[in-house]
Amino acid sequence: MKAELDTLPSKIRCLFVNPLFILPLFILLYALSSFLIWKKYDWNPSSQINFGIQFAIQNAAKTPKGAVVFLGRPGDLGAGYDGQIFYYYSRMLSEFNLNWPKGFEENIRASRIGYPLFVSIFGWFGTWGTVFGMYFLNFILILISWFLLRDLCGERHRIYSSLYLFSPFLLGSYSLLVSDAVLTGFLVITFWFYKKEKWIWFFCSGEFQF
C-alpha cells in the first residue's frame, strides 16, 4: 500500500510532462474558454475582442459586419477593451495606409504595433480574417513558447513548463485577445535563441520586441 502511495506523485508527474496528455488538456481548456464566451453572444467569435460602441461607430468601415459591440454602462461610453485597439491598428496595416483608427490616443497606442503587424497578414482576407488572426497568433505563440520552454527546462524540471501552459495570465490574455500572451511567447522565443547562442535570430527577435 505504501509503495503504491509513493508512486502516485511520480505517476501524476509523468502525466503532466507527457505531451499526449498535456496538449489535449490545453486545447480543451482554451476551447472551453471560447465556448463559454461565445455562448453568451450567439456563438460570435468577435465577442472576445470586446468592441465598444464608441469606437465601432467611429470606425464603422473597419468593424466586422455582425460583430458583437458592447454598449457599456452609464459614463463609460461603451468603451470596450484593448483587443479592439489591436484589431483596428491591424486593419490599418492590412490596408497599407496610415489612416489611424479614430478615437484612440496615437502617441500611446501607435507604439504597440508589433502584435497588429503580425495579425495584419490575416487581414488581407478581410475583417474576419483579422479576427481569426488574433485567435491564431495567441494560440500558436503559446504553443511554440511552451515547446521551447520544455527544452530549456530539461527533463528534470519539465513539469514547470506545464504550469506555464496553464497559466491564468496566458488564458486571460487569450480570452480578451490582447497582446500579453503574444509578447510573453516572443520573450520565451528570444530567450531560447540566447541560450542556444543563435545570435542572429536572438538579435532580430530582441529588436522586434523593442
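Laboratory data are not the source of any read-out in this text; all were calculated from the coordinates shown. Quantities reported herein were computed from a predicted structural model and do not represent experimental measurements. As a convention, Cβ positions derive from the backbone with ideal geometry for all residues, glycine included, and neighbour counts pool all protein chains shown.
At a glance:
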{"quantity": "Enumerated helices (runs of 4 or more DSSP H) restricted to region 29-138, each holding at least 3 residues that are surrounded by 16 or more Cβ atoms within 10 Å (Cβ to Cβ)", "calculated": "53-58, 83-94, 114-119"}
{"quantity": "Matching residues in region 192-207 - criterion: being in a helix (DSSP H, G or I) and either surrounded by fewer than 14 Cβ atoms within 10 Å (Cβ to Cβ) or in contact (Cβ under 8 Å) with a residue 40 or more places away in the chain (or both)", "calculated": "192, 195, 199, 200, 203, 204, 207"}
{"quantity": "So residue 183, is it touching a residue at least 40 places away in the same chain (Cβ under 8 Å), surrounded by fewer than 18 Cβ atoms within 10 Å (Cβ to Cβ) and under 12 Å from residue 115 (Cβ atoms)", "calculated": "yes"}
